[in-house]
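What follows is one structure encoded as structure tokens, with my remarks underneath.
We did not get these values from a lab; they are worked out from the coordinates using the rules stated. Model, not experiment: these values are computed from the prediction. Virtual Cβ from ideal backbone geometry, glycine too; neighbours counted across all protein chains shown.
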């Protein structure tokens, strides 16, 4: 199957007082259309940097990134990003925070259709009764639902998720994981998730891509997941290969621990 997303020998360096620091070097990854990949690794290894380069928010130092046959040269509505913090406009309602992107990207549609599009996506993420709420009137979990809705409303070719549930409590995190599973599986949107949570990666992804520890981080191992879709949390946990795969990811991360580290990676 041809690649829908391809990263080829991607390199990223940043300046420092002591000279350039190469964070990512020789990063290669191919994704097929509709695939969900989880990118996992230790803090500071360059996961978010890779996502930022795909989003066009970080320029490449070297290499190539192609999405849907087009080289990435900057940000665009074909790649929607959800960050750890939802970054909502505080003076606008939940509806308006989503509508502003819809009006820009789907500006050729009639106003009534744009309104219906905004309503549908908010309802899909469980915010049917919160259209008129300002961000300060919403819980952190509801704010992140607005952020997810804002990204999905653009109907992007690729969804980029940068630890979107990292600031949430465990129960809210599980609820939003289920929302994401439902929405992504309905649309089959090509998705890259940056996470440090092993169980989250196993629940959501088709493949887990493990990064080596930086500097000069790259893909160190890839794990294909056998869990069928649509995904049901209980069925994934009961799968006979689940815990062996969990240990495989944790074992890789432990082998990549920076010198002197003792803590077991987040799971």
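See the values below:
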| item | result |
| --- | --- |
| Using alpha-carbon coordinates, inclination of helix 140-153 to the longest axis of the chain, degrees | 80 degrees |
| Rg [Å, one decimal], Dmax [Å, integer] - segment 85-155, C-alpha atoms | 11.0, 34 |
| Ascending count of other beta-carbon atoms within 10 Å, so fewest first, for 1, 174, 142, 53 | 1, 174, 142, 53 |
| Between 0 and 90°, nearest 10: helix 111-124 axis offset from the chain longest Cα axis | 50 degrees |
| Most mobile listed residue (71, 201, 217) in the chain, GNM with C-alpha springs under 10 Å | 71 |
| Gained length - residue 16 relative to residue 104, 0.36 nm times residue gap less alpha-carbon distance | 27.9 nm |
| C-alpha center-to-center spacing [segment 75-132, segment 173-197] in angstrom | 18 Å |
| Largest-first principal axis extents, alpha carbons of the chain, Å | 55, 44, 40 |
| Gaussian network model of the chain, springs between alpha carbon atoms under 10 Å - residue of 34, 52, 251 with greatest fluctuation | 251 |
| Sequence of 119, 113, 200 once ranked by neighbouring C-beta atoms within 10 Å, starting from the fewest | 113, 119, 200 |
| Relative contact order of segment 90-144, defined on C-alpha pairs under 8 angstrom at six or more residues apart (%) | 51 percent |
| Relative contact order of the chain, defined on C-alpha pairs under 8 angstrom at six or more residues apart (%) | 25 percent |
| Order of 161, 168, 89, 57 under a 10 Å beta carbon neighbour criterion, fewest first | 89, 57, 168, 161 |
